[in-house]
Amino acid sequence: MNNSGVIQTSKSADLVTHKILIEGEELSKTYQVKSIVVQNEVNRIPMAQIVLVDGEASERDFKLSNEDLLIPGKKIEITAGYHNDEETIYKGIIIKHSIKIKESTSLLIVECKDEAVKLTIGRKSKYFY
């Protein structure tokens with residue numbers, strides 16, 4: 001059977017690794033990353049969503065959210081690969097972060113967009129007389 005539809009990798013694809021860099025500094029491994037979703041589409045601004053487990057809702061303590069680490073406006077870079085052989089899959093800025101309580105777990109949802117999103121803000125129409 002021909003495996004031409006399978007992406008070839010330089011290393012075995014059994015161990016996926018990632019890094020999240022905020023302003024060039026790596027996010028500590030003490031924070032549990034639940035998911036990373038990156039969207040790159042034609043004729044659309046690239047975006048990413050990172051879901052992290054954060055704090056205890058019953059104690060009203062959200063450690064990561066209360067820090068100044070993931071505030072909107074900071075630059076973010078996501079790298080991913082296999083066995084620490086990683087490549088950059090996303091660069092942009094943090095647009096918003098929110099907390100969601102789901103199944104007795106509090107989640108911090110960080111939404112990011114490419115810096116080109118700054119060009120979409122503001123009035124674009126003009127009148128010429």
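Side notes on the structure shown:
- Residue match in segment 113-120 (condition: touching a helix residue (DSSP H, G or I) at 6+ places or on another chain (Cβ under 6 Å) and β-branched (V, I, T)): no
- Filter result for the condition that a residue is within 26 Å of T120 (Cα to Cα) and either among the aromatic types (F, W, Y) or touching a helix residue (DSSP H, G or I) at 6+ places or on another chain (Cβ under 8 Å) (or both), over L21, L70, L52: L70
- The C-beta contact set for segment 94-116 (first residue free of Cβ contacts under 8 Å to residues at least 12 places away in the same chain and within 15 Å of E59 (Cα to Cα), second residue crowded, with 16+ Cβ neighbours inside 10 Å and not small (G, A, S), distance under 9 angstrom, 6+ apart or interchain) comprises K100/V51; K100/L107; K100/L108; K100/I109.
- Selected residue [over 16 Å from S35 (Cβ atoms), surrounded by fewer than 16 Cβ atoms within 10 Å (Cβ to Cβ) and without any contact (Cβ under 8 Å) to a residue 60 or more places away in the chain] from Y82, Y127: Y127
- One residue from I94, I7, I99 being modelled with pLDDT of 90 or more and among the β-branched types (V, I, T): I94
- Scanning segment 9-29 for residues being aliphatic (A, V, I, L, M), in a strand (DSSP E or B) and loosely packed, with under 15 Cβ neighbours inside 10 Å gives a total of 1.
- Unique match (being more than 18 Å from Q39 (Cβ to Cβ) and among the polar types (S, T, N, Q)) among T120, T105, T88: T105
- Among the residues of this structure, I20 does not count as one that is in contact (Cβ under 8 Å) with a residue 60 or more places away in the chain and under 28 Å from L119 (Cβ atoms).
- Selection status of I109, more than 30 Å from Q8 (Cα to Cα) and not charged (D, E, K, R): yes
- Whichever residue in segment 75-87 is within 12 Å of the chain's Cα centre (by Cα) and not acidic (D, E) and, among such residues, is modelled with the lowest pLDDT: A80
- Some residue of segment 30-48 being surrounded by 12 or more Cβ atoms within 10 Å (Cβ to Cβ), among the hydroxyl-bearing types (S, T, Y) and part of a loop (DSSP other than H, G, I, E, B): yes
- With respect to the conditions (1) within 27 Å of S10 (Cβ to Cβ); (2) in contact with a Phe, Trp or Tyr (Cβ under 8 Å, 6 or more places away or on another chain); (3) among the β-branched types (V, I, T), I50 falls short on a single one, namely (2).
The values are calculated or read from the model by the stated rules, or taken from the named source; none is laboratory data. None of the values given here were measured: they were computed from a predicted structure. As a convention, Cβ positions derive from the backbone with ideal geometry for all residues, glycine included, and neighbour counts pool all protein chains shown.
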